[in-house]
Amino acid sequence: MILDRLGVITDEISPVLTEALDWIRAEGLRYAEIRMVEGNNVAALTDEEVDRVRREAEARGIGISGVASPLFKCALDPSREVETGDRFGQKEEGVEAHFEKLVRVLDIAERLGTRFVRIFSFWRERTPEAHADEIAAHLSRAAAMAEARGLVLLLENERSCNGGYAAEVAAYVNAVGSPSLRALWDPGNEAQSPTWSFPRDYETVRDALAHVHIKDSYIDASGKPRCVPVGQGRVPYAEQIRLLEANGYQGLYIMETHYVPPGGTKADGTRMSLDGLRFALGVHAGGRA
């Protein structure tokens, strides 16, 4: 029952928590992932605000799938030139500041009743492979902090980070070798690679993953990546989900569409992706797969 394991990052629908949760419930979905609430990054929420998130979700029968934090979206060394990306309201800070913030985000995950916290692998260096040992050492330290509390860090593939692609994320997860560091597989992010190949890229990361984000994308004629509704990009979602299930994946599927249609809203874009996913799965709106 794939749709029974489907959710959405709330601010992909609305910055207003209750509007997003009402939308999720109306669509018959069961999970919400928390990244931004009322314009504030999840890591900056107070205990009272976190408790409200959980209370509002539980009142609607919605589970919290994870904390979609931007942890470790920072430079290993601020003196070096690196790529950067969206920090979702988080200011640029150093590595140690992110470790301090990790403690708070682990607290938030526990308070929300979820085991999962998304992290990244630092802004992408010119030669990431030259810093692989340093990156793995930081990730090992972070994983040990999570393991001590029975939580799991999810390392996402994002092209602006050192673990930009499936093979890189899998290598870091395998180098750390902790049950508290697993891969977050986002095929839409991977599809933004000029060397995208399916199912090769998925096969690289499949044994390391514990969570899946859903978006679709392609590279336009100018070489710029573009996010689009599911079914309009490069990711063959029917085949991707079939392979995940055949390979024994039992985790959740969380929509992170990054798409707003011209003249429309985030909720419109997410609904277009949800409809596209349902079509790929061969079900009608409100149906099951």
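The values are calculated or read from the model by the stated rules, or taken from the named source; none is laboratory data. Here the structure is a predicted model, which is why all the values come from computation and not from measurement. With ideal geometry, Cβ positions are generated from the backbone for all residues, glycine too; neighbour counts draw on all protein chains shown. To get the accessible areas, we keep the full protein, side chains included, count just its heavy atoms, and leave off ligands, DNA and RNA. Shrake-Rupley method; radii C 1.70, N 1.55, O 1.52, S 1.80 Å.
Annotation note: Cβ proximity below 8 Å between a residue of region 141-153 that is small (Gly, Ala, Ser) and a residue that is open to solvent by 60 Å² or more (accessible area, probe 1.4 Å) and not in a helix (DSSP H, G or I) (sequence gap 6+ or interchain) occurs for 150/115. Just to be sure before I move on: is residue 2 in contact (Cβ under 8 Å) with a residue 24 or more places away in the chain, surrounded by fewer than 21 Cβ atoms within 10 Å (Cβ to Cβ) and in contact with a strand residue (DSSP E or B) (Cβ under 8 Å, 6 or more places away or on another chain) in the structure I sent? Yes.
Here residue 79 passes the criteria (1) open to solvent by less than 40 Å² (accessible area, probe 1.4 Å); (2) among the polar types (S, T, N, Q); (3) free of Cβ contacts under 8 Å to residues at least 60 places away in the same chain except the one numbered (1).
Number of residues in region 214-267 that are open to solvent by 60 Å² or more (accessible area, probe 1.4 Å) and not aliphatic (A, V, I, L, M) equals 17.
Taking the criterion of being open to solvent by 40 Å² or more (accessible area, probe 1.4 Å), among the aliphatic types (A, V, I, L, M) and in a loop (DSSP other than H, G, I, E, B), the only residue of region 109-164 that qualifies is 148. Scanning region 143-159 for residues that are in contact with a strand residue (DSSP E or B) (Cβ under 6 Å, 6 or more places away or on another chain) and farther than 14 Å from residue 65 by Cβ yields a count of 4.
Tell me yes or no: at least one residue of region 93-101 is surrounded by 15 or more Cβ atoms within 10 Å (Cβ to Cβ), aromatic (Phe, Trp, Tyr) and not in a helix (DSSP H, G or I). The answer is no, given that none of the residues of region 93-101 is surrounded by 15 or more Cβ atoms within 10 Å (Cβ to Cβ), aromatic (Phe, Trp, Tyr) and not in a helix (DSSP H, G or I). In the condition set (1) in contact (Cβ under 8 Å) with a residue 40 or more places away in the chain; (2) in contact with a strand residue (DSSP E or B) (Cβ under 9 Å, 6 or more places away or on another chain), residue 238 is compliant with all but (2). With respect to the conditions (1) open to solvent by 30 Å² or more (accessible area, probe 1.4 Å); (2) in contact (Cβ under 8 Å) with a residue 40 or more places away in the chain; (3) over 16 Å from the mean Cα position of the chain (by Cα), residue 176 falls short on a single one, namely (1).
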